Amino acid sequence: MGKGGQNDKQDEREVKSFTWDDIKVHDKRNDKWLVIGGEVYDITRWSRRHPGGSRVISHYAGQDATDAFRAFHNDLNFVKKYMKAIHIGTVKPEDQSEIELRSDFRELRKTAEKMNLFKTNALFYTLHLAHILLFEVLAYLTMYYFGTGWLPFLVSVACYTIVQGQVGWLQHDFGHLSVFHNSSLDHLLHHFTIGFIKGASAKWWNHMHYQHHAKPNVMDKDPDVRVEKLFVVGDKMPVQMAKSNKSSMPFNWQHRYFFVVGPPLLFPVYFQFMLIRHVITRREWVDIGVLIAFFIKFFYLYVPLLGIGNTIFFYFFIRVLESHWFTWVSQSNHIPMEIDEDHAEEWLPLQMHATCDIEQSFFNDWFTGHLNFQIEHHLFPTMPRHNLYKIAPLVKSLCEKHNLSYQVKPLLQSFIDIVSSLKHSGELWYSTYNQYHVS
């Protein structure tokens, strides 16, 4: 009798209908609803156990997460098993009309699936991993056979920097589950590439990067633009920081000091501190174990050749070079684009406003890890990167139909735009600051 009563109550809950006005107010820390495919889910408790992290799912509280949900998950049937218990109703029909933009994008995804663009080329990833391992071997053997003079030392530095740069792009593929499309296998190789080869944390990367993809360039939600302690970016942040007068940084000079505190220090200082703090405070024992294995391998190989002091110098020299490589590539697609507060945009315009592409060439594909197709990657993060160029013309056509900007730049111009945008934001901060605080 008791169980029957509970089932009746569950049935009653499942047929409830909500307007968007009902849903939008459930965006608080202890009260979170979201919509997927016209169905309403209460994620208040579930968010704490969400495998992708509580923040990434919470960023869509009070909003439609349909396209984000589809973008992040490969096995929908498996995921939906966990959704039944948190389903509380549907969106009222008058609020759930399928707008043309949303419908067209979902048709584009179906087209990509029919074109087998989510199918992985195993040879591509095998060769890519092989060339990374080859450069790691060359980095060691160069000094082992030719000594530790400046020339072999610098050749080894170059080889190991290539290892770190390229494995950064490869771990990114495993992290997005875009290689095997199997959670267990992709996570295993993710730990191997980002942990044992690169010396970073898979869990820390997931925690940060999934948030970035869910809400790119959205202030207070994308960790990549939580930079206000050192920089102001976009048009909104400089004005807010100037009015609040919370920082004493000379942001009008940021386009100059960026070259000192940005690319050189991101990896060797900030990332090192953040990832170590993350794995320790959250007791990520697997990540800690893999990190220890990386450092044992590194020091076991190089201390006999260089001594402890020079090995530490070798390590940080590589980190500085790798940091330059990553920073210029990763920020070229985002920092010059729109940076704003969350306006609950549809998936397509949300990603288009925050991303741009870089021209295709063999070098650009290799140097950026195919993130020169950043637009396509953000729209379809589980698509293997070697297929991104195939969907690009269709994405461009869809953007033209809906009057959305589709930007493609030369590589060098994309780097110049980082500095130009920093200068623009700094000048905006300076003029606003003088207006409110200088008499």
Search result, residues across the range 345-366 that are in contact (Cβ under 8 Å) with a residue 60 or more places away in the chain and touching a Leu at 6+ places or on another chain (Cβ under 9 Å) = GLU346, TRP347, LEU348, PRO349, GLN351, HIS353, THR355
ask   = Exactly one of (1) assigned to a loop (DSSP other than H, G, I, E, B); (2) at pLDDT below 95 is unmet by HIS207. Its number?
value = (1)
remark   = Across (1) surrounded by fewer than 16 Cβ atoms within 10 Å (Cβ to Cβ); (2) not in a helix (DSSP H, G or I), LEU404 clears everything bar (1)
request  = Kindly indicate whether LEU388 is open to solvent by 20 Å² or more (accessible area, probe 1.4 Å), touching a helix residue (DSSP H, G or I) at 6+ places or on another chain (Cβ under 6 Å), in a helix (DSSP H, G or I) and of a type outside the set (S, T, N, Q).
outcome  = no
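Filter the range 408-439 down to the residues that are closer than 21 Å to GLN360 by Cα and open to solvent by 70 Å² or more (accessible area, probe 1.4 Å) and list them by number.
Result: VAL408, LEU412, GLN413, ILE416.
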query = Could you count how many residues in the range 119-167 are within 28 Å of ILE194 (Cβ to Cβ), out of contact with any helix residue (DSSP H, G or I) (no Cβ under 7 Å at 6 or more places or on another chain) and either at pLDDT below 95 or not in a helix (DSSP H, G or I) (or both)?
reply = 2
request  = Of the conditions (1) at pLDDT 95 or above; (2) assigned to a helix (DSSP H, G or I); (3) of a type in the set (S, T, N, Q), THR382 clears all except one; give me its number.
outcome  = (2)
task = Answer with yes or no whether VAL227 is out of contact with any helix residue (DSSP H, G or I) (no Cβ under 6 Å at 6 or more places or on another chain), among the β-branched types (Val, Ile, Thr) and more than 22 Å from LEU275 (Cβ to Cβ).
result = no
inquiry  = Going residue by residue through the range 145-154, is there one that turns out to be hydrophobic (A, V, I, L, M, F, W, C), without any contact (Cβ under 8 Å) to a residue 40 or more places away in the chain and open to solvent by less than 40 Å² (accessible area, probe 1.4 Å)?
reply    = no
task = Select from the range 338-352 the residues that are open to solvent by less than 20 Å² (accessible area, probe 1.4 Å) and under 26 Å from GLU107 (Cβ atoms) and list them in ascending order.
result = TRP347, LEU348, PRO349, LEU350, GLN351, MET352
note = Within the range 61-106, residues being modelled with pLDDT of 80 or more, under 29 Å from ILE391 (Cβ atoms) and surrounded by 12 or more Cβ atoms within 10 Å (Cβ to Cβ) number 17
query = (1) of a type in the set (D, E, K, R); (2) surrounded by 23 or more Cβ atoms within 10 Å (Cβ to Cβ); (3) modelled with pLDDT under 95: which one isn't true of GLU376, the others all being true?
reply = (3)
request  = Could you figure out which of (1) more than 15 Å from HIS212 (Cα to Cα); (2) at pLDDT 95 or above isn't true of LEU371?
outcome  = (1)
ask   = How many residues does the range 26-60 hold that are open to solvent by 20 Å² or more (accessible area, probe 1.4 Å), in contact (Cβ under 8 Å) with a residue 40 or more places away in the chain and closer than 16 Å to THR90 by Cβ?
value = 5
key: Complete set of residues in the range 304-330 that are touching a residue at least 60 places away in the same chain (Cβ under 8 Å) and more than 30 Å from ASP417 (Cβ to Cβ)   = LEU305, LEU306, ASN310, PHE314
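Filter the range 177-219 for residues that are closer than 15 Å to ILE335 by Cα and either of a type in the set (Asp, Glu) or open to solvent by less than 10 Å² (accessible area, probe 1.4 Å) (or both) and give the result.
HIS212, HIS213, LYS215, PRO216, ASN217, VAL218
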note = Scanning the range 192-209 for residues that are in contact with a helix residue (DSSP H, G or I) (Cβ under 7 Å, 6 or more places away or on another chain) and within 16 Å of LEU133 (Cβ to Cβ) gives THR193, ILE194, GLY195, PHE196, ILE197, LYS198, GLY199
inquiry  = I'd like to check something: does the range 292-301 contain any residue that is among the hydroxyl-bearing types (Ser, Thr, Tyr) and open to solvent by less than 60 Å² (accessible area, probe 1.4 Å)?
reply    = no
message = Being buried (at least 16 other Cβ atoms within 10 Å of the Cβ) and more than 18 Å from ASP173 (Cα to Cα): is that true of HIS128 here?
response = no
query = Can you find even one residue in the range 286-303 that is among the aromatic types (Phe, Trp, Tyr) and without any contact (Cβ under 8 Å) to a residue 60 or more places away in the chain?
reply = yes
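The values are calculated or read from the model by the stated rules, or taken from the named source; none is laboratory data. These figures come from a predicted structure and were not determined experimentally. We place every Cβ from the backbone using ideal geometry, glycine too, and count neighbours over all the protein chains shown. What goes into the accessible areas is simple: the full protein's heavy atoms, side chains included, and nothing from ligands, DNA or RNA. Shrake-Rupley method; radii C 1.70, N 1.55, O 1.52, S 1.80 Å.
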